[in-house]
Amino acid sequence: MKNKIALTGIKPTGTPHIGNYFGAIKPAIELTKEFDARYFIADYHALNSIKDPQQINEMTYEVAATWLACGLDPNKALVYRQSQVPQTFDLSTILLAFTSKGLMNRAHAYKAMVQNNSELKRDLDDGVNMGLFTYPVLMAADILLFDSDVVPVGKDQAQHLEMTIDIAQSVNHIYKSNVLTIPKPLIRESTQTVIGLDGRKMSKSYNNTIPLFLPTKKLRRLIMKVVTNSQTIEEVKDPDKCNVFALYKLFATEVQQNELREMYLKGGMGWGHAKQELFEVMEEMVSPMRENYNELMDNKDFIDKLLDEGSEKAREIASEKIKFVKNILGFK
Ligand code: ADP
Ligand code: TRP
């Protein structure tokens, strides 16, 4: 029996951090055991906000190298660049004709920009490009082109998935057949939110991230910046109300967690000590992956080859689908 297809896109817009690792990368790699995975770099999506060619190029390598270093096996998942699968843009143009403008008006990212402009008393369309406005259509094309069964995404993408389903259903309805496979969102509700240096959700937008593959010394220096309270060394501390401990739990074994917990509850432990413990467990887990990552980043030809090969396979699958769809729509 054919495996079901899991597909997701990763925008190359920032250096991956430990929130991305626990929230997105690790669970997506788990899924490759069960599904035919297609994980691509959504570089045309990034173009809406990044107009620096070097940055897009570098981020693409960083994202690809991160996923591979974290254990993504390219034999188990098709890894490719969105920009190298032009059938995506065929389908995207087709889907535009089935998407009401009203649906796009309701998209969160667009609405947030309009509202911000309104608050600042600027022209409502200020800074809104058509790529941003039609973003959900391009995303629908990414998904529908590959007959995706499940799409693992974070909560912030739930609305985009609903729109994809909406658009696909309207195509199927008009042509009275299953032209497009209706995907199921796999929303990562249960994964806990990883907190950042300041205790808020770790996010590039809050500037509070711990990048996954920071060099050892820099990593240690950054961990020393995790925000704690002003309790003295002698005082008894509450591990369950502590940013350092919350991060520690992600990396430490049960036994290690219990040991550190006891030190908190006993008193006589300073924050510097807890942070050093955090640094050590994190370093132990990331250092083999970091080595791998650095090797990959020093070997960009290898990454290019892998993405080129993945893109070629993706184009083969995609061109079959586009032929099928065009035929139904009345095109040669
Ligand atoms: P950022 O908020 O840093 O811009 P992205 O939106 O690029 O991160 O994140 C990509 C995915 O990584 C999200 O959909 C989510 O699943 C996961 N993710 C990001 N930050 C966290 C976090 N702090 N905790 C858990 N998962 C996260
Ligand atoms: N929009 C997604 C994000 O911002 C990235 C993305 C693009 C995507 N195309 C996709 C995710 C298709 C899942 C499926 O994170």
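Annotations
- Furthest towards positive pole of dipole, MET139, THR88, ASN117, structure part the range 80-227, Cβ charges: ASN117
- Gain on full stretching of the segment that runs from ASP304 to PHE331 - 0.36 nm per residue minus C-alpha separation: 6.3 nm
- In this calculation the C-beta distance from SER205 to HIS173 is compared with R0 = 45 Å, giving a FRET efficiency of 0.75.
- Förster radius 56 Å - calculated FRET efficiency between GLU320 and LYS241, Cβ distance, rounded to 0.05: 0.50
- Degrees, to the nearest 10: 158-175 long Cα axis against longest axis of the chain: 20
- Loop-resident trypsin sites (Lys or Arg not before Pro) (DSSP state other than H, G, I, E or B) in the range 94-130 with no more than 16 further Cβ atoms inside 10 Å of their Cβ: ARG106, LYS121, ARG122.
- Summarised as an ellipsoid, the range 217-314 has semi-axes of 39, 13, 11 Å, derived from the eigenvalues of the Cα gyration tensor scaled by 5 and square-rooted, with the largest first.
- Taking every DSSP bridge with both residues inside the chain, close to 10 percent are antiparallel.
- Residue separation of LYS33 and ARG106 scaled by 0.36 nm, minus their Cα-Cα distance, works out to 22.7 nm of gained length.
- Across the range 75-84, rounded Karplus estimates of 3J(HN,Hα) from the backbone phi angles (6.51 cos²θ - 1.76 cosθ + 1.60, θ = phi - 60°) give 7, 9, 9, 7, 10, 8, 9, 3, 5, 9 Hz, Gly and Pro being marked x.
- Within the range 194-238, the trypsin sites (Lys or Arg not before Pro) that combine a DSSP coil assignment with at most 16 other C-beta atoms in a 10 angstrom radius are ARG200, LYS225.
- Relative contact order %, the chain, counting alpha carbon pairs below 8 Å whose residues are six or more apart: 22
- Charge tally around GLN256: other residues with Cβ under 13 Å, Lys/Arg +1 each, Asp/Glu -1 each, net -4.
- Formal net charge of residues neighbouring GLU312 (Cβ-Cβ distance under 12 Å; K, R +1; D, E -1): +1
- Between helix 53-69 and the chain: long-axis angle, C-alpha atoms, 0 to 90°, nearest 10: 70
- Charge dipole (the range 135-260, unit charges on Cβ, about Cα centre) - positive-most of ILE167, THR209, PRO239: THR209
- For ILE233, the accessible area of its heavy atoms, probed at 1.4 Å with every protein chain present, is near 90 square angstrom.
- Loop-located trypsin sites (Lys or Arg not before Pro) across the range 41-84 with a Cβ neighbour count of 10 or fewer within 10 Å are LYS51, with loop assigned by DSSP.
- Longest DSSP-loop-exposure-free segment, GluC sites (Glu not before Pro), the chain, at most 14 other Cβ within 10 Å: 35-188
- Distance between the modelled labels on ASP198 and LYS225, one decimal in nanometres: 1.1 nm (7 Å Cα→Cβ projection).
- 3J(HN,Hα) couplings calculated from phi for the range 274-281 with the Karplus curve 6.51 cos²θ - 1.76 cosθ + 1.60 (θ = phi - 60°) are, in sequence order, 4, 5, 5, 4, 4, 4, 5, 5 Hz; Gly and Pro show x.
- Extension gain for GLU295-SER49 works out to 85.6 nm (0.36 nm per residue, less the C-alpha to C-alpha distance).
- Gaussian network model of the chain, springs between alpha carbon atoms under 10 Å - residue of GLN115, GLN257, GLN276 with greatest fluctuation: GLN115
- Taking each DSSP H run with n ≥ 4 as -39500 (n - 2.57) and averaging over every residue of the chain yields -16500 deg cm²/dmol at 222 nm.
- Cross-link pairs exceeding 23 Å in C-alpha to C-alpha distance, out of LYS26/LYS155; LYS204/LYS225; LYS217/LYS266, comprise LYS217/LYS266.
- Relative to the Cα centre, the charge distribution of the range 3-143, modelled as +1 at Lys and Arg Cβ and -1 at Asp and Glu Cβ, gives a dipole magnitude of about 300 debye.
The values are calculated or read from the model by the stated rules, or taken from the named source; none is laboratory data. The structure displayed is predicted, hence computed values, not measured ones. Neighbour counts are summed over all protein chains in view; Cβ atoms, including those assigned to glycine, are modelled from backbone coordinates with ideal geometry. The accessibility values were calculated without ligands, DNA or RNA, using every heavy atom of the protein model including side chains. Shrake-Rupley method; radii C 1.70, N 1.55, O 1.52, S 1.80 Å.
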